Amino acid sequence: MNITLSVDERIAEQARAAAATLGKSLNQAVRDYLEQLAGSEQLASELRAFEQSALDTPGRLDGWHFDREEANRRA
């Protein structure tokens, strides 16, 4: 997909120079950023789904609570 952006020429030149220091073209730097942006939303969505799944799953400790004295008791 081709996207047309309107950017101040001074900003575009500074961004082009910054991308060059990374060994990238401005076009590649923008593509990388868009991939990162899309990926971060995907990750956030997966984390929300995991959190909801964890909240919806009942505990499996059957009322057991950590007891420091019991854990440190020697046989």
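Please treat every number below as a calculation from the coordinates, not as lab data. This structure is a prediction, so every number in the text was calculated from the model and none was measured. For neighbour counting, all protein chains shown are included, and Cβ atoms are generated from backbone atoms with ideal geometry for every residue, glycine included.
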**Asked** Using the Cβ atoms and a cut-off under 14 Å, what net charge is assigned to the surroundings of residue 7, where Lys and Arg are +1 and Asp and Glu are -1?
**Response** -1
**Message:** Which one, 72, 38, 61, projects farthest toward the positive side of the charge dipole computed for the stretch 31-75 from Cβ point charges (K/R +1, D/E -1)?
**Reply:** 72
**In the stretch 15-61, the trypsin sites (Lys or Arg not before Pro) that fall in loop regions by DSSP, at most 10 other Cβ within 10 Å** = 60
**Residue-averaged [θ]222 nm for the chain, counting only DSSP H segments that reach four residues, each worth -39500 (n - 2.57)** = -21500 deg cm²/dmol
**Request:** Take residue 11, project a point 7 Å from its Cα along the Cβ direction, then tell me which residues of the stretch 23-64 have their backbone nitrogen under 11 Å from it.
**Result:** none
**Item:** the chain, dipole about Cα centre (Lys/Arg Cβ +1, Asp/Glu Cβ -1), debye to the nearest 20
**Value:** 280
